[in-house]
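Reviewing the structure listed below.
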Amino acid sequence: MNKGAVLKIIRFVFLDAIIVFSSFIISFFLRGILAFSASSLVFSQYANYIGIYVAVIIVVKIALFAVFGMYRRVWKYASVKDMVAIVEAVALSTILMGVIFYVLSQPVPWFGDATFRLPYFPRSILIIDFLITLLLVIISRFSERMLNELRFGRPGLRKKRVLIIGAGDAGETIVREMIRQKNSEYTPAGFLDDDPAKLNHRIHGIKVIAPISQLESIVKKQSIDEIIIAMPSVSGKLRKEIALRVKELGIFCKTLPSLYEVIDGKAYLYQVREVSIDDILGREPIHIQTPEVISEIKDRTILITGAGGSIGSEICRQLLRLHPAELILLDHSENNLFTIENELRTKSGTINFIPIVASIQIKDVMKDIFSKYKPSIIFHSAAYKHVPLMQLNPEAAIENNFIGTKILSKLAIDFNVERFVLFSTDKAVKPRSVMGISKLLAERYIQVLTKKSKSRKTRFMIVRFGNVLESNGSVVNIFKEQIRNGGPVRVTHPKMERYLMTIQEAAQLAIQACMIGKGGEIFVLNMGHPISILELAKNMIMLFGMKPGSDIDIIYTGPREGEKLSEELIREGEEELVGSEFKHIFEARQKIELNYEDLENALFWGEKEIQLNDYDNLFKDLRRVVPDFDEKTIWYRSQ
């Protein structure tokens, strides 16, 4: 039990001792046994024994109160059940007190022939004492709840005392809505803000109490139930720091979305959400350059492959804001496609959505789609991405990720598509897995195609980034499920690191990169620093209000086939990062000129081997495309 809890118990015991003493003395006055004269207190025959009476009563009643758990309850949540416990404790202690005093009123041998006999007072004293004690104890326990209800809402609705971090426009809006909405679950207890000019000022009657550095002490002093971070433009680092400090206190922490997520730059109470792992990562919010992008997207027909997947569906959501004429939603999963189409239709009634269930590997079907709808821009996000699964199914990875990309990119040239964006991955850099190799082959093919078709209309761009938070099958979702099941959380290796970014960031930057590309670029999104997977697991456990190691165990499973402890975003020695006009987008520029003729020949023969199901020779010949690739790391079925 912590020091604060012990002090709280001591305060209640002291208060109850005063109540018990006062009730007993008042009972004597009301019964007429004690009275005031004009000049002094007049005592009856019981006066000499008042000290004994009071000592017995305090000991008996405090002991019974403790037995009934009256010092272990959280009284600001007091209910009818708690009131019943009070009645039982006071009634039983009064009965026991009566029995004890009756026993003491009988002659008791003392020294020699002497006897001790405590005068037994009228039984009506016990009844009066019971009623007064009961009334005062109920008032002492229910006063906090009653004051809250009188001040903040209807009886029976216990509102959460909320501390707002940030006394700016967003904080003002949140408090105004809390006050205006009578049925809101919140009542504002105060603001924290680091601006000295705001300290001790009031906003809608709510005081700016202290700077954020005093968070812990204010939470304890003000009996705070919940924290709301009302700073949409706050840095990711500070949001992370605040969220983790609040979690250490063991109370709920919520936040407004980042500025790029809120509607029209304004904050509303309904947007308040739980702190997520995105916030704990502390990444800085990214602001898409909307004015420049709208002119390129508006009134265009856009094809999104893998539209039902994590990245594809977010691309669709982001494109809605830019007002295209048509969105062609292509996916081989009918369930995913159904979900994203329904979502998009509820958000926009002006855009034409064309859902198509099809595989990018079927050339004739793809050709019919291009011929019928004539897309201007293609976002190609369809891919098999799960490394261990693709190790066991290398044919599927190569045929979908490489051959599918080849089919789409050639059709893009044939039908004069203006822009084609291939979504790639950091696993394509020095790959050790089939999935990484398949994406590298797709990258190389796009590079060869760009070199051959410079005079053509189509501009090809590659966007390369790391892991996306909360995508299907991501480490975040896996950890969530393991924590909900009570653990353990399975971490591959204590030194494993990954580049991580949010789905919204990846989608917005990919759209931006598409618009600035001249053709042939490999754009690398700013992933920040790689994140320790072990630290991610610990932070997620804390996010669920538990402690790593004590509440939820962490175990190490060892790297699986094809997994690396760390990933790279560029090929050191072959590529260099060059800045673009947007600080969050870099270009991986070739330092060494590729031999495009050799690449084209290797890809040509690789495709022939795929068509012949000759995967033995394919993986051996991959050294022509991936010089440091070891085919022994690949397990594949005999054909």
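Which of the residues belonging to segment 458-504 are under 27 Å from Glu418 (Cα atoms), more than 15 Å from the chain's Cα centre (by Cα) and at pLDDT 80 or above? Within segment 458-504, Thr458, Arg459, Phe460, Met461, Ile462, Val463, Arg464, Phe465 qualify.
The conditions of being buried (at least 17 other Cβ atoms within 10 Å of the Cβ) and over 22 Å from Ile315 (Cβ atoms) are not met by Arg419. Taken together, the residues in segment 336-378 that are within 12 Å of Ile304 (Cβ to Cβ), without any contact (Cβ under 8 Å) to a residue 60 or more places away in the chain and part of a strand (DSSP E or B) amount to 4.
Identification of helices (runs of 4 or more DSSP H) wholly contained in segment 169-261 with 1 or more residues that are more than 30 Å from Lys547 (Cβ to Cβ), touching a strand residue (DSSP E or B) at 6+ places or on another chain (Cβ under 6 Å) and modelled with pLDDT under 85 yields 169-180.
Right, Met435: part of a helix (DSSP H, G or I) and at pLDDT below 90 or not? Here the answer is yes, as Met435 does meet what is asked. For Ala397, the conditions (1) within 24 Å of Gln504 (Cβ to Cβ); (2) of a type outside the set (D, E, K, R); (3) touching a residue at least 24 places away in the same chain (Cβ under 8 Å) all hold with the exception of (1). Look at (1) aliphatic (A, V, I, L, M); (2) at pLDDT 80 or above; (3) surrounded by 13 or more Cβ atoms within 10 Å (Cβ to Cβ) and you find that Ile50 fails only one, number (2).
Quick one: how many residues across segment 295-305 are over 19 Å from Lys372 (Cα atoms) and either at pLDDT 80 or above or within 31 Å of the chain's Cα centre (by Cα) (or both)? Selection size over segment 295-305: 3.
Taking the criterion of being of a type in the set (S, T, N, Q) and in a loop (DSSP other than H, G, I, E, B), the residues of segment 438-468 that qualify are Ser453, Ser455, Thr458. Between Ile218, Ile229, the distinction of being in contact with a Ser or Thr (Cβ under 7 Å, 6 or more places away or on another chain) and within 17 Å of Phe252 (Cα to Cα) belongs to Ile229 only. Considering only residues that are hydroxyl-bearing (Ser, Thr, Tyr) and part of a loop (DSSP other than H, G, I, E, B), look in segment 49-99 and name the one that is nearest to Leu15 (Cα to Cα). The extreme case among them is Tyr71.
Candidates Gln482, Gln447: the one that is surrounded by fewer than 22 Cβ atoms within 10 Å (Cβ to Cβ) and in contact with a Lys or Arg (Cβ under 7 Å, 6 or more places away or on another chain) is Gln482. Regarding Leu319, is this residue closer than 25 Å to Thr458 by Cα, in contact (Cβ under 8 Å) with a residue 12 or more places away in the chain, in the same structural domain as Leu525 (by TED's automatic domain parsing) and surrounded by 17 or more Cβ atoms within 10 Å (Cβ to Cβ)? So Leu319 passes the test. Out of all the residues in segment 488-535, which are part of a strand (DSSP E or B) and of a type in the set (Lys, Arg)? Across segment 488-535, the qualifying residues are Arg490, Arg498.
Taking segment 397-429 as the range and being outside any helix (DSSP H, G or I) and over 33 Å from the mean Cα position of the chain (by Cα) as the test, the residues that pass are Phe415, Asn416, Val417, Glu418, Arg419, Phe420. Counted as qualifying within segment 537-602 are the strands (runs of 3 or more DSSP E) with 3 or more residues that are at pLDDT below 75, namely 575-579.
The values are calculated or read from the model by the stated rules, or taken from the named source; none is laboratory data. Please read these numbers as outputs of a predicted model, since none were measured by experiment. When we count neighbours, we look across all protein chains shown, and the Cβ atoms used for this are built from the backbone with ideal geometry, even at glycine.
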